[in-house]
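Okay, here's the structure, questions in a sec.
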Amino acid sequence: MLPKFRYLRPGSLDEAIGLLKDCNESTRILAGGTDLLIGMHEGVHAPARLIDIKGIAQLHTIGFTEDGILIIGACVTVNELIESDATTGPMQAIREAASKLATYQIRNRATVGGNLCNASPACDLGPALLVLDAQLRLVSKQGERLISLKDFFSGVKTTCCEVSEVVTEVVIPPSPGTVSAFLKQGRIRGHDLSVVNAAGAIGHDGDLKLALGAVGTTPLLIDGFDEVGVDDRQKVIDAVLRAIAPIDDVRGSGIYRKRMAEFMTGEILDLLKGRLKQGGS
Amino acid sequence: MGDGAGTVHRSIELRVNGRTYNVSVKDNEILLDVLRDKLHLTGTKKGCELGVCGACTVLIDGEPVNSCLVLASSQEGHDITTIEGLEQDGTLHPIQKSFINEGAIQCGYCTPGMILSARALIDRNPDPSDDEIKTALSGSLCRCTGYTAIMRAVKNWKKYSDETVGHPDDLESYATVGRSIPRLDAADKATGRARYTADYHFPGMLCGRILGSTVAHGKIKDIDTSKACALPGVVCVITGEDVPDIKYGVSPARYDEYVLAKELVRYVGDEVAAVAAVDEETAERAIELIEVDYEELPAVFTPREAIAEGAPQLHDHPRFKNNINTSVEHDFGDIERGFEEADYIREESFTGNHTHQSPMEPHASIAQWEQGGRLILYTSTQVPHYVHYMLAHVFQLPLGEIKVMSPAVGGGFGGKAETTPLDLCASILARKTGRPVKMVYSRKDMFHHGRGRHKQHMQFRLGVKKDGTITAFDSKIYLDGGAYTSFGVVTAYYAGSMMPTLYHIPNYRYRGYRVFTNKPACGAMRGHGVPQPRFAFECLLNMVADEIGIDPVSIRMKNAMDRNTRTVNDLDIRSCEFKATLEAAARDSGWDEKYRNLPPGKGIGIGSGGFVSGAGYAIYRGEVRMSHEKTQKTFMKKAVFPHANAVVKILEDGMAAVLFIGAAEIGQGAETVLSQMCAEALGIPVERVHIRCEDTDISPIDLGAYSSRVTLMGGNAVVMASGQVVEQLLPIAAGELGCDASVLTVHDGRISSKDDANISMDWAEAARIYFNENGPLVGTGFYKPPEGLGGDYKGAAVGTSPAYSFGTTICELAVDLDTGKVTLDKFTDSHDCGTPINPKMVHGQVEGAVVMAAGETLMEDVVFDEKGDIVNPNLHEYLVMTIKDAPEIMGGIVDSYEPEGPFGAKEVGEGSTLPVMGAVAHAIARAAGVWVTDLPVTPEKILRALKEKHYREERGTREETRGTWQEGRPSKPFEPKPVVGKRAPDPKTVRRGE
């Protein structure tokens, strides 16, 4: 049973940001609804207004610009990510994360924007996009801004997105020669939130980036490895263990999570090395 | 925002199954509710409302989505397909046919969602791989089938036209029995036609909700319902003051629950108040507006806390001193002597988990009172008769003033084996309002209501000779009972009584204590009380076998039960092909080659088990009548009334038989196997048998679907009733054919002479003649368990049964030694269920049992916080195995014949659960090199055990063998007692169908 709210379905982005202009905290943007409606059902959220942006066509596109920038519309569904040709090669981690996210039915509704805005510490797309230097475009009546995903997450289930703003797209800079990978550890093989998830990327310049989920208040980007590369396994693992602060919950203890973070970091490094050897996948 | 948000209705156009509906919806209405409540497309099911179970799956523009997570308002302009839309011009889609014919449907609650997901998959990919099928269907949970048949149905979808496929295990000896016909209700379930309780709608119907306590233990100081009553749309609010001063429950000696709390609440969720309102949303709001002032009392959450000196007492009664609800002290043989005779003694403690049945269909009830004061209750139950009996008890009405209706039931597994607060509150609210009242549990309510498996804390000691012969077994168990008795007395007895049924145990001691704690009451769940002790025993036996150097299969063969044995605790085992199941499972799995030869990380393990085929005695004592009118009578070792009853009426044109029987179809297939037996005994095709189970007015009583009793007990009643019809029919045919009735036999719709095939007539013609001359052709039958079952000690009734099943499972799996994660590869199962009435359905039961029990071993656990509230009352965090986790299952049925069973049949559904947990734990121990004796065996526990082992090895302290060798006293050769009553034949000598 959902609490009462007023449902609005703008047909264009302009209309949407117009509606958002004078809004306060009691307005929420609805995309796929697979997190928001659950939260409302469970009494976590009780917005007075829902603005459904799924009817806005421009938010559904995915593809590269002429400059090789990958643009993923906020309302692109997770299954569309998996099916898109864009999430191959350097973008492999996105596809891998998407295909581990929830169930087939959920993936048909859940959107990229929704997954990020829900800002769960265990969100699967977060780490994959973090290692690819993803940015988000936030649009409001006042204008628009590009913000790096790393700065977008501000805490457990919170972001720096203002009430009047809508996330319209994910922007990923060109990354020729990059290899990326994503791994997820759930309790079972079927659907489950991540106990720990991890993504990694190595740029054409050998720059290593890692990101882990469910080990802190937000998905964590761990970079700045400078001279440290994939072969300095222990140094990388040490850096990861310094960066994370996992908690105990029903899915696993902090101790187990640490151990998994350590193990999965190693696995990610191996995967990346393998992909580098293949000359990028 | 105060702009009347959400109260505004908007008119939208929904395109569903090619038809356009103009429907008025509120902004906050989800598509699922609109489909079900406004378009009456109730084939789309509500199971969790959180997008986890997949029962609500529909296709939107051809793609499967969870309709519980879609706002109806957002769906204008989309094409929606529900299960009702798959059938075209009366022809089923091939995927529907495939589900029906492959046995992929049991309770049917997940079926619409599964079929729609499968349909979308084959539309985009007609030849999906196994992995693709699993990915496509992993968003739909099934609790019955173990996914094996579902996989098969999707893989083979192209093969199906209208052809019915049999099974390699089908018997040739009978016309209908032993044949794998599709379930009789499968087509209804595959098309969304099958109606479950919540699918019913009556004019003027109200919706009810129950308010549960927010504290684990407390005194109700005050309840203020004024705000709730003032809410527009609320019709009635009741509290403890409005319910009878009569306690109810399951075990008559321990009725300890009020319909709503009168003064004390004893767990988070204990029922405090209930509301009836014009719709669900209003009822929900009203519940939130009821203000309860509690004086919180100290609470206890584990048996250890509960029995401690000075602990708060849950039930202030001298009988329940130290919060002990039931204690069992059983001694058989000479336990001291038994351990003196042992050469090797091994002790180990095990801890079970708090698992929950979680059937896909939530409990639901609809009550209404007819003019003149007769109660009609529709309920999702396994036990229509016990609900009937309990309503009579609480409302002090004769049974004739109550009618219980049982629509289709979406699984039970013991969770629907008792009268629920929904049944009782709906009845009270309906009486007060004069309107029908529907009440449905949310998934969260189901967990809070509880009645799941008791978590057992087990301390076991086993003594064996050098050759593995068991000399003594000592068991001490604390059962975490929760706040009320429910089935608990029986559970505590079962946890002990079933242990000596599988192996010859000459000396046995059992101490069982069921302890009250401030948590939801635990009840009966598949294998009632036995799976955790069986898990522990099988693990211990495997430990002992490894430690004394005997193969685990051999140690079982050495001690295995034989047919026609009375156990040490006086249970009569008739048919028993346990050894054959051991041999078959070992052979088919390649046990001998694999057991000691698998690489690290790979493991193979074995477990055995079995169960009763119906309880020997009814749950309540005495006759069928209101409990308060009965006088106390001493317990006699015989059934007071028949446990199963049947009436067979032949249609006046002779072309069909209607079988009236109160048995409960909960997805296990009762209607199908009972109809098969009816057809066989009548000698007509099964298509001509129509079964009516759903109405206590028209069908004679049957005690219900619990203790695996329906096939044996219901079957016997059906065979007797059908036999009576044939007895009346043969003289008619004999007159027509001019021969003696004694030479005639019925088969496939004909009555023929055994001596001369040319002397034959149409069965229907004979039936018509009978009717013309004598009026209705009716047969009645009943079944009472044999007299004298069980011993003469206190509690001897629990565990008695006309027959017992046996089985062995061998599990192969992999453990990832870095993460602790377990991948189940394969189960090889062999089961002695007597004559299989429908082999494919037997396999379906086994497959479902394997997956459920493997899930219990690996992942299922209700977790409580420090205040006694449930941390994971949903299917997100209470993990139920998905199709991706399910193993490959190779099932086998051994030849066996049960003399107490109809056509030699006995049970399968619960017995097949029992071998699994021990086999999984054993395989993990073999793969990882460490035993985890605390359920569930999670990756984290495996890693912890590995770490401890590693630490020990680093410090050079090898794991000490936990057993003790000694010079055992010589023992007398053990001679089991002979069985009392009918004896089972060697199955090789049985000539079925003659």
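None of the figures in this text is laboratory data; all of them are computed from the coordinates on show. Note that this is a predicted model, so its numbers are computed, not measured. Because the Cβ atoms are built from the backbone with ideal geometry, glycine has one as well, and the counts that use them run over all protein chains shown.
Excluding B:Tyr494 itself, what net charge comes from residues whose Cβ is under 13 Å from its Cβ, given Lys and Arg +1 and Asp and Glu -1?
On the way: positive: B:Arg453, B:Arg514, B:Arg526, B:Arg534; negative: B:Glu910.
In short, +3.
Can I ask one more? In whole angstrom, and with the biggest value first, how far do the Cα coordinates of the range B:94-166 range along each principal axis?
Sorted from largest, the Cα extents of the range B:94-166 read 28, 26, 17 Å.
Let me ask you something else. Counting GluC sites (Glu not before Pro) as exposed when in a DSSP loop with at most 15 other beta carbons within 10 Å, what is the longest stretch of chain A free of them?
Details: sites that count: A:Glu25, A:Glu42, A:Glu66, A:Glu162, A:Glu227.
By the stated rule (loop sites, at most 15 other Cβ atoms within 10 Å), A:67-161.
For a paramagnetic label modelled at 7 Å from the Cα of B:Asp756 toward its Cβ, which residues of the range B:707-734 fall within the zone defined by backbone nitrogen distances under 15 Å?
B:734
Can you flag which of A:Lys209/B:Lys949; B:Lys455/B:Lys949; B:Lys465/B:Lys637 are past 31 Å Cα-Cα? Before the final figure, lay out each step's value.
Working: A:Lys209/B:Lys949 35 Å; B:Lys455/B:Lys949 27 Å; B:Lys465/B:Lys637 37 Å.
The answer is A:Lys209/B:Lys949; B:Lys465/B:Lys637.
Where nothing but the Cβ of Lys and Arg (+1) and of Asp and Glu (-1) is charged, how large is the charge dipole of the range B:9-85 around its Cα centre, in debye to the nearest 20? Each step should come with its number before you reach the end.
Details: 8 positive and 11 negative charges, 44 e Å.
Using Cβ point charges on Lys, Arg, Asp and Glu, the range B:9-85 gives about 220 debye.
May I ask you to evaluate 6.51 cos²θ - 1.76 cosθ + 1.60, the Karplus curve with θ = phi - 60°, for each residue of the range A:57-73 and list the ³J(HN,Hα) values in order in whole Hz, giving x for glycine and proline?
Karplus values, whole Hz, x for Gly and Pro: 4, 5, 7, 9, 8, 9, x, 8, 7, 4, 7, x, 7, 8, 10, 10, x.
Okay, moving on. Scanning chain B for helices, which whole DSSP H stretches are 27 Å or more long along the axis (Cα) and average 0.5 or more by Kyte-Doolittle?
Working: long enough: B:715-737 (31 Å, 0.90); B:839-858 (28 Å, 0.44).
Span-like helices, by this rule, are B:715-737.
Using 7 Å Cα-to-Cβ label points, what is the B:Gln396/A:Leu146 separation (nm, one decimal)?
Reported label-point gap for B:Gln396 and A:Leu146 is 8.0 nm.
Follow-up. Using the Kirkwood radius built from alpha carbon pairs, what does the Stokes-Einstein equation give as D for the range B:224-370 at 10 °C and 1.306 mPa s, in µm² per second?
Working: Rh = 20.1 Å.
Translational diffusion coefficient: 79 µm²/s.
Positive end of the charge dipole of the range B:908-994 (Lys, Arg +1 and Asp, Glu -1 on Cβ, about the Cα centre): tell me which of B:Ala928, B:Leu914, B:His950 has its Cα farthest that way.
Ranked along the dipole, the leading option is B:Leu914.
Of all GluC sites (Glu not before Pro) in the range B:301-334, which ones are in loop regions per DSSP and have a Cβ with at most 11 other Cβ atoms within 10 Å? Mind showing how you got there, number by number?
On the way: sites: B:Glu305, B:Glu309, B:Glu329; in loops: B:Glu309.
When the GluC sites (Glu not before Pro) of the range B:301-334 are filtered for loop state and at most 11 Cβ neighbours within 10 Å, B:Glu309 remain.
Where in the range B:458-531 are there trypsin sites (Lys or Arg not before Pro) that are in a DSSP coil and have at most 13 other Cβ atoms within 10 angstrom of their Cβ? Before the final figure, lay out the partial values.
Details: sites: B:Arg461, B:Lys465, B:Lys466, B:Lys476, B:Arg509, B:Arg511, B:Arg514, B:Arg526; in loops: B:Lys465, B:Lys466, B:Arg526.
Here the sparse-neighbourhood loop sites are B:Lys466.
Shifting gears a bit: Throw me the Rg/Rh for the protein assembly as shown, computed over C-alpha atoms with Kirkwood Rh, two decimals.
Radius of gyration relative to Kirkwood radius: 0.97.
Using a Förster distance of 25 Å, how high is the FRET efficiency between A:Ser253 and B:Thr302, based on the Cβ-Cβ distance and rounded to 0.05? Intermediate values should be presented prior to the final figure.
Values: r = 20 Å, r/R0 = 0.78.
The value I calculate is 0.80.
Can I ask one more? Work out Dmax and Rg for the range B:112-270 from the C-alpha atoms and quote the Rg first, both in angstrom.
Calculated on Cα positions, Rg and Dmax stand at 25.1, 69 Å.
Given Cβ point charges of +1 (Lys, Arg) and -1 (Asp, Glu) and nothing else, what value in debye, to the nearest 20, does the dipole of the range B:642-783 about its Cα centre take?
It works out to roughly 300 debye.
Given a cut-off of under 8 Å on Cα pairs at least six residues apart, what relative contact order in percent is computed for chain B? Numbers along the way, then the final one.
On the way: 2605 pairs, mean separation 139.9, N = 994.
Contact order relative to length: 14 percent.
Going out from 0 in 5 Å bins, what whole percent of all Cα-Cα distances in chain A drops into each bin?
1, 6, 13, 17, 19, 17, 13, 8, 5, 2, 0, 0
Another question, if that's okay. From the backbone phi of the range B:595-607, what are the Karplus-calculated ³J(HN,Hα) couplings (6.51 cos²θ - 1.76 cosθ + 1.60, θ = phi - 60°) in whole Hz, Gly and Pro given as x?
My calculation for the range B:595-607 gives 3, 9, 10, 8, x, x, x, 10, x, 10, x, 10, x Hz in order.
Follow-up. Going by how many other Cβ atoms sit within 10 Å of their own, how do B:Glu418, B:Glu910, B:Glu263 line up, fewest first? List each step's numbers first, then the result.
Values: B:Glu418 24, B:Glu910 29, B:Glu263 10.
Ranking B:Glu418, B:Glu910, B:Glu263 by Cβ neighbours within 10 Å, fewest first, gives B:Glu263, B:Glu418, B:Glu910.
For the range B:7-154, what does the alpha-carbon gyration tensor say about shape, rounded, prolate or oblate, given a ≥ b ≥ c as the root eigenvalues, a/c under 1.5 as rounded, and a/b over b/c as prolate?
Details: a/c = 2.05, a/b = 1.74, b/c = 1.18.
Cα axes put the range B:7-154 in the prolate bin.
Can I ask one more? So what's the gap between the Cα centers of the range B:475-499 and the range B:744-809, to the nearest angstrom?
Measuring centre to centre over Cα atoms gives 36 Å.
At a Förster distance of 51 Å, what's the computed FRET efficiency of B:His201 paired with B:Glu336, Cβ-Cβ distance as r, to 0.05?
Details: r = 65 Å, r/R0 = 1.28.
Calculated transfer efficiency: 0.20.
When the C-alpha atoms of the range B:210-297 are aligned to their principal axes, what extent does each axis show, in angstrom, from largest down?
43, 26, 18
Can you give the local net charge around B:Leu703? Use residues other than it whose beta-carbon is closer than 12 angstrom to its beta-carbon, Lys and Arg +1, Asp and Glu -1.
Working: positive: B:Arg709, B:Lys784; negative: B:Asp702.
Charge balance in the 12 Å sphere: +1.
Quickly work out the A:Thr158-to-B:Asn125 label distance, labels modelled 7 Å from Cα along the C-beta direction, and quote it in nm with one decimal.
Taking the simple label geometry, B:Asn125 and A:Thr158 are separated by 4.2 nm.
Using Cα pairs closer than 8 Å and at least 6 residues apart in sequence, work out the relative contact order for chain A, in percent. Could the numbers behind the result be given before it?
On the way: 638 pairs, mean separation 46.9, N = 281.
Relative contact order of chain A: 17 percent.
Same structure again: Would you work out which of B:Ile751, B:Phe473, B:Leu31 lies farthest towards the positive end of the dipole of chain B? Charges go on Cβ: Lys and Arg +1, Asp and Glu -1.
The residue sitting farthest along the positive end of the dipole is B:Phe473.
How much length, in nm to one decimal, is gained on full extension between B:Glu295 and B:Tyr21, taken as 0.36 nm per residue of separation minus their Cα-Cα distance? Could the numbers behind the result be given before it?
Numbers: separation 274, 0.36 × 274 = 98.64 nm, distance 5.24 nm.
Difference between extended and current length: 93.4 nm.
Exceeding 19 Å between C-alpha atoms, which entries from my cross-link table qualify? They are B:Lys476/B:Lys519; A:Lys54/B:Lys38; A:Lys235/A:Lys277; A:Lys258/B:Lys947.
B:Lys476/B:Lys519; A:Lys54/B:Lys38; A:Lys235/A:Lys277
Kirkwood hydrodynamic radius, computed over distinct alpha-carbon pairs, for the range B:9-85: how many Å, to one decimal? Please report the intermediate quantities before stating the final value.
Numbers: mean 1/r = 0.0832 Å⁻¹.
Computed over Cα pairs of the range B:9-85, the Kirkwood hydrodynamic radius comes out at 12.0 Å.
Ok, one more. Determine the principal axes of the Cα atoms in the range A:1-86, then give the extent along each, sorted from largest to smallest and rounded to whole angstroms.
44, 27, 17
Still on this structure, I have one more. Tabulate in residue order the Karplus-calculated ³J(HN,Hα) for the range B:809-824, using 6.51 cos²θ - 1.76 cosθ + 1.60 with θ = phi - 60°, rounded to whole Hz; enter x for Gly and Pro.
Karplus values, whole Hz, x for Gly and Pro: 10, 10, 10, 10, 8, 10, 10, 6, 6, 8, 10, x, 6, 9, 10, 6.
Between helix A:254-277 and chain A, what is the angle of the helix's C-alpha long axis to the longest principal axis, kept within 0 to 90° and rounded to the nearest 10?
70
In vacuum, with every alpha carbon of the range A:56-213 counted as one equal point scatterer, what does the Debye formula give for log10 I(q)/I(0) at q = 0.14, 0.19 Å⁻¹? Two decimals, please.
Calculated log10 I(q)/I(0) at the listed q: -0.64, -1.22.
When the helix-only estimate is applied to chain B (DSSP H runs of n ≥ 4, each -39,500 (n - 2.57), divided by the residue count), what is the mean residue ellipticity at 222 nm, nearest 500 deg cm²/dmol? Don't skip to the end; give the middle numbers.
Working: 23 runs with 252 residues, N = 994.
Helices in chain B give a 222 nm mean residue ellipticity of -7500 deg cm²/dmol.
Counting Lys and Arg as +1 and Asp and Glu as -1, each charge on the Cβ, what is the dipole of chain A about the Cα centre in debye, to the nearest 20? Kindly include the intermediate steps, with their values, before the conclusion.
Numbers: 30 positive and 34 negative charges, 191 e Å.
For this selection, approximately 920 debye.
For B:Lys949 and B:Asn597, what does the FRET efficiency come to when R0 = 22 Å and r is the distance between their Cβ atoms, rounded to the nearest 0.05?
Numbers: r = 21 Å, r/R0 = 0.97.
Calculated transfer efficiency: 0.55.
According to a simple spin-label model (label point 7 Å from Cα along Cα-to-Cβ), what is the distance in nm between B:Arg692 and B:Asp895?
Once both label points are built, they end up 4.2 nm from each other.
So how many Å³ per residue does the convex hull of the Cα atoms of chain B work out to? All intermediate terms of the calculation are to be shown ahead of the outcome.
On the way: hull volume 182.2 nm³, N = 994.
Enclosed volume per residue, from the Cα hull, is 183 Å³.
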